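**Student:** Let me begin by handing over the structure; questions about it come next.
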Amino acid sequence: MTDDMKSEIRNPKSEGRPKPETRNPNRYEQRRREDGKKRMKAEIGKAESRNPKARAFHSASSYFCFLLSTFLLSSSRLRVFAVSLIELRPLKCLFGFRASDFLRPSVFGLRISSAASGASLVPIAVIAALVGCSVGPNYHRPPVLGTNALPAAFSGAGATNTGVWKPAQPSAHLPRGSWWEIFGDPDLNRFEALATTNNQQLAAAYANFQQARALVNIAQAGYWPQLSTAPSYLRERTSANQSRLSGGSSTFNSFIMPLDASWELDLWGRVRRQVESTGARMTASADDLESSKLAIQAEVASDYFNLRSLDAQDKVLQETVVAYRRSLELTQNRRKGGIATDLDVSQAETQLASAEAQIPAVQLQRAKFLHALAVLCGQPAPTFDISVTKSTLAVLAAIIGLPLPATFDVNVPEGAVAAGERAIGVGSRIPVAVPSELLEHRPDIAAAERLMAAANADVGVACAAFYPSVTINGLAGFQSVSASTLFNWESRFWSVGPTLSLPLFTGGRNRAQLAAARASYDVTVANYRQTVLSAFQDVEDQLAAQRLLAQQFEKESAALKSSRRTLDISMTKYKGGVITYLEVAIAQSSSLAHEQTVIQLSAQRLSAAVSLIKALGAGWAADADQVAAQKE
């Protein structure tokens, strides 16, 4: 049975009827599109054949579109939109495909063709992959102490850092606050404000930060094409004997208006690594600025407390000299009455001279601290001074816990004793049981960590030197022998093309640079770990100072009370003629020595509290009880 007979059996009603012609809508649409493409290509070809300028402009614009698309591919954020801008018609010979394989005309311009094959997209995928890669190691923060375990707690406190320690984060940008206000001293607050705004070391550190920021902008300029122009005018004469075929010499003008463009494609991430390195160094410079600010603020507080303690010592010596003069007068009167001996008078004179000799030494130390404060506050030393009043000395005596001598004819202001007790006890109110994040607030640790990241990026820059570099060069402009025709279209010239540079033999320079970059990274890792170890040491030292100085101050204060009571008893017995002046002189020397020791210990405790705040990075705030105490 034939196929026609089978068809008639399956559909007997179709006999004698003509079969309708079936149409495929998709095929019809495809034919219509192909006809439109052919007509458009024909019109474009006719227009270009009639107008050579349009053909030249079309070629130049095509190359410009290629350069723009390559730049967009080199940016990770704009890489998605780059394909829609590629006009690949002039690159037919280079890559082996046509613009119609990717773009087709529409009422909205050029759109990506849906008929593009997967094989034709391979070159674009290769370009996108190349411009998105970066050679060299990616940065990963190394262990803080290498193979050594981090301590879980400070030995100077019972429950310090019970949590798990972790590597320091670059958090030096967090606000530190006016931590010196916890001492409740208006003069200290004023000097800290002056140092923060006028200190020249801080000004230099800020200038270094601005320089680091500018270096980041310099590195980021490598992302963009470089354009330059060098207009020139030249009048020259050719030699008549330059060749046998020359018809003689000629003199003419040459006007040139060029535009030179060059752009290095960041195929291997060299520019990106440079930006990464300079960015990390800029952050480290900002951390150095915070570190300098914290160090200067701490130095101002420490010098201020030392200066005030010297004021107290000077006042004690002045009052001691007055008391010794009275004792000398008493002894001389007793000698005239035949009660005392010449030995007693000589001992009294020795005590007075010894006390008077200590005053210039104390005043010299005070002058040095005053001049150091002037420099820290950015003020000239000759015009900088800190007034010393009886009220200030009374408050200072309350702050350092020194009992006022009977000769202090001044009333202690209300609340001065409470303020003094709060200031001298600052060390006990500093949050010692802090988590590990508190140590991360230290700006020197943050700076050391950022320098590691910068050195790691430098290794990537050194690795990129082993790979070829591709630079797209372009030159366009106008040139003419007459200024009137310089900007005519016929005076134009242009050239564009890539340059491939591949290091074949460098005498081992690239390998040496890579080895140096890796060694520099190892140096930054060691410095980072040393900084962390030093931070642990600083905190432990200041915690030990807080604990041991408090114990020493307590014992020394008790010894001072005993020495004063001994002096009173000695003077009473001497006036009664029971003892000689030798026992009185011994008691006077002991009492003066204990008074000076108590003053020095008080200043050391305040300086140790400042050093503890500095060691902790000053990145903490007072709790509610501390705030309420300061407002009282």
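The values are calculated or read from the model by the stated rules, or taken from the named source; none is laboratory data. Please read these numbers as outputs of a predicted model, since none were measured by experiment. Note: ideal-geometry Cβ built from the backbone for every residue, glycine included; neighbour counts use all protein chains shown. Only protein heavy atoms, including side chains, enter the accessible area calculation; ligands, DNA and RNA are left aside. Shrake-Rupley method; radii C 1.70, N 1.55, O 1.52, S 1.80 Å.
**Student:** Let me make sure I get this right: for region 193-250, a, b and c are the square roots of the gyration tensor eigenvalues over alpha carbons, sorted descending. Under 1.5 in a/c it's rounded, otherwise prolate if a/b > b/c, else oblate. Which is it?
**Tutor:** On the way: a/c = 6.95, a/b = 3.89, b/c = 1.79.
It is prolate, given that a/c is not under 1.5 and a/b is the larger ratio.
**Student:** Enter the Cα centre distance for the pair region 211-226 and region 536-611, rounded to the nearest angstrom.
**Tutor:** Between the Cα centre of region 211-226 and that of region 536-611, the gap is 62 Å.
**Student:** Follow-up question, since we're still on this one. Would you kindly find the accessible area of TYR223, with a 1.4 Å probe and non-protein molecules such as ligands, DNA and RNA excluded, rounding to the nearest 10 Å²?
**Tutor:** 80
**Student:** Moving on. Could you pull out the pairs from LYS336/LYS555; LYS336/LYS561; LYS293/LYS368 whose alpha carbons sit more than 30 Å apart here?
**Tutor:** Working: LYS336/LYS555 42 Å; LYS336/LYS561 34 Å; LYS293/LYS368 22 Å.
Long pairs (Cα-Cα over 30 Å): LYS336/LYS555; LYS336/LYS561.
**Student:** Sticking with this structure for a sec: Got a number for carbon plus sulfur as a percent of region 467-542's accessible area, 1.4 Å probe? Please report the intermediate quantities before stating the final value.
**Tutor:** Values: 2730 of 4730 Å².
Within region 467-542, the accessible surface is 58 percent carbon and sulfur.
**Student:** For the residue pair ARG547 and ASP385, what label-to-label distance in nm results when each label sits 7 Å from Cα along the Cα-to-beta-carbon direction?
**Tutor:** Between ARG547 and ASP385, the simple spin-label model gives 4.6 nm.
**Student:** Rounded, prolate or oblate, given the Cα gyration tensor of region 242-314, with a/c below 1.5 counting as rounded?
**Tutor:** On the way: a/c = 7.64, a/b = 3.07, b/c = 2.49.
Since a/c reaches 1.5 and a/b is larger than b/c, the shape of region 242-314 is classed as prolate.
**Student:** Right, next: Please give, to one decimal in nm, the separation of the simple spin-label points placed at SER501 and ALA204, each 7 Å out from Cα toward the Cβ.
**Tutor:** 3.7
**Student:** Would you tell me the accessible area of VAL496, worked out with a 1.4 angstrom probe on the heavy atoms of the protein chains, in Å² to the nearest 10?
**Tutor:** Counting only protein heavy atoms, the figure is 60 Å².
**Student:** Once fully extended, how much extra length lies between ASP260 and ARG492, figured as 0.36 nm per residue of separation less the alpha-carbon to alpha-carbon distance? Working shown, then result.
**Tutor:** Numbers: separation 232, 0.36 × 232 = 83.52 nm, distance 1.36 nm.
Extending this stretch completely gives an extra 82.2 nm.
**Student:** With a cap of 12 neighbouring Cβ atoms within 10 Å, and only residues DSSP puts in a loop, list the trypsin sites (Lys or Arg not before Pro) found in region 237-338. Could the numbers behind the result be given before it?
**Tutor:** On the way: sites: ARG237, ARG244, ARG270, ARG272, ARG273, ARG281, LYS293, ARG308, LYS315, ARG325, ARG326, ARG334, ARG335, LYS336; in loops: ARG244.
Counting only loop positions with at most 12 other Cβ atoms within 10 Å, the trypsin sites (Lys or Arg not before Pro) in region 237-338 are ARG244.
**Student:** Sticking with this one: At SER239 and LYS573, where each label point lies 7 Å from the Cα along Cα→Cβ, what is the point-to-point distance in nanometres?
**Tutor:** Spacing of the two 7 Å Cα→Cβ label points: 11.9 nm.
**Student:** Would you give the gap between the C-alpha center of region 483-501 and the C-alpha center of region 338-375, rounded to a whole Å?
**Tutor:** Answer, in whole Å: 90.
**Student:** Please find the FRET efficiency linking GLU356 to LYS555, where r is the Cβ-Cβ separation and R0 is fixed at 35 Å, and quote it to the nearest 0.05.
**Tutor:** Values: r = 29 Å, r/R0 = 0.84.
For R0 = 35 Å, the calculated efficiency reads 0.75.
**Student:** Heavy-atom accessible area of SER178 with all protein chains present, probe 1.4 Å, nearest 10 Å²?
**Tutor:** 60
**Student:** Right, here's the next one. Efficiency by 1/(1 + (r/R0)^6): what FRET value for GLN479 and TRP224, r their Cβ-Cβ distance, R0 = 30 Å, to the nearest 0.05?
**Tutor:** Numbers: r = 27 Å, r/R0 = 0.90.
That pair, GLN479 with TRP224, gives E of 0.65.
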